[in-house]
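Notes follow the structure.
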Amino acid sequence: MKQIGISIILLITFHIGVSQKNADIGLLLGGATYLGDVNQETPFRIVRPAGSLFYRYNFHSRLALKGSLQYTRLAGDDALSEFSYQTLRNQQFTSDILGASAFFEFNFLRFEQAVRHRYASPYIGAGLGFMLVDFKLAPNAMENITIPFGVGVKIGLTERLAMGLEYTLNRTFRDDLDKISDWRYNSSGSFPLKQRANPQNDDWFTFFGVFLSYKLKDCVTCPAYL
């Protein structure tokens with residue numbers, strides 16, 4: 001387990017000490033939502049504040065690798081559901097999510113930040129992540145892994161500054177973000193041994209927002225070639 005976490009962190013920070021050319025750092029602020037047994041169909045139900053710090057290395061104008069550190073507190077409430085079995089179950093929860101991910105981005109259009117040129121491009125991406133729920137490791141190693149994938153758009157504002165929007169779905173390999181640890185009611189409850197949740201569906205969460213990035217200093221370029 002420790003080796004998996006260390007490997008992801010090393011992948012995120014690999015290029016920081018190697019080169020700053022074509023790299024940028026940034027901050028994303030927005031929201032996060034939960035999808036699972038307590039919220040099965042509404043992507044933007046109970047949006048909670050979320051934030052992310054990232055470092056992105058641009059291999060060229062179409063491909064980049066972004067390492068991120070993220071935090072949010074997910075929430076859900078059966079009382080908001082339209083399904084009667086959920087209102088009867090009456091489950092509420094909050095879960096702190098602290099994550100790290102390595103995320104490859106593919107720009108559909110050329111994207112660069114230079115003295116004379118400004119570019120904008122939509123992009124898609126996918127990667128591999130690692131998370132702590134309520135700041136704890138899960139005993140099963142796979143339950144700490146996430147697979148993020150999403151879409152976004154980035155816009156160059158100046159030679160150094162860029163902004164954009166991003167929406168990411170995060171697939172997890174666990175079914176307890178909503179604090180429903182047993183998919184059946186116990187024998188002494190109001191619904192003895194009846195099904196309480198779907199044990200076949202793992203939980204997901206979304207992460208989205210507006211980001212601002214700053215391009216780190218490049219190698220010096222002769223003005224004649226600008």
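A single entry from 79, 64 fulfils the requirement of being of a type outside the set (Phe, Trp, Tyr) and either in a loop (DSSP other than H, G, I, E, B) or out of contact with any Asp or Glu (no Cβ under 9 Å at 6 or more places or on another chain) (or both): 79. Considering (1) at pLDDT below 95; (2) part of a strand (DSSP E or B); (3) not charged (D, E, K, R), the lone condition that residue 158 does not fulfil carries the number (2). Residue check: is residue 45 in a strand (DSSP E or B) and either modelled with pLDDT of 95 or more or surrounded by 14 or more Cβ atoms within 10 Å (Cβ to Cβ) (or both)? Here the answer is no, as residue 45 does not meet what is asked.
Touching a residue at least 12 places away in the same chain (Cβ under 8 Å), in contact with a Leu (Cβ under 7 Å, 6 or more places away or on another chain) and within 30 Å of residue 160 (Cα to Cα): does that describe residue 52? I'd like the intermediate steps shown before the answer.
Numbers: touching a residue at least 12 places away in the same chain (Cβ under 8 Å): yes; in contact with a Leu (Cβ under 7 Å, 6 or more places away or on another chain): yes; within 30 Å of residue 160 (Cα to Cα): yes.
Considered against the rule, which asks whether it is touching a residue at least 12 places away in the same chain (Cβ under 8 Å), in contact with a Leu (Cβ under 7 Å, 6 or more places away or on another chain) and within 30 Å of residue 160 (Cα to Cα), residue 52 comes out as yes.
For residue 76, state whether it is closer than 20 Å to residue 41 by Cα and modelled with pLDDT of 90 or more. Spelling it out, residue 76 is indeed closer than 20 Å to residue 41 by Cα and modelled with pLDDT of 90 or more.
Pick from the range 111-140 the residues that are under 18 Å from residue 160 (Cβ atoms) and not aliphatic (A, V, I, L, M): which of them is modelled with the highest pLDDT? Walk me through it before giving the result.
Going residue by residue through the range 111-140, those that are under 18 Å from residue 160 (Cβ atoms) are 111-121.
Add one more test, that the residue is not aliphatic (A, V, I, L, M), and what stays is 111-113, 116-119, 121.
Details: 111: 92, 112: 86, 113: 80, 116: 70, 117: 71, 118: 71, 119: 86, 121: 96.
By that ranking, first place goes to 121.
Taken over the range 74-104, the residue count meeting the criterion of being closer than 22 Å to residue 150 by Cα and without any contact (Cβ under 8 Å) to a residue 40 or more places away in the chain is 2.
The values are calculated or read from the model by the stated rules, or taken from the named source; none is laboratory data. Bear in mind the structure is a predicted one, so any value in this text is a computation, not a measurement. When we count neighbours, we look across all protein chains shown, and the Cβ atoms used for this are built from the backbone with ideal geometry, even at glycine.
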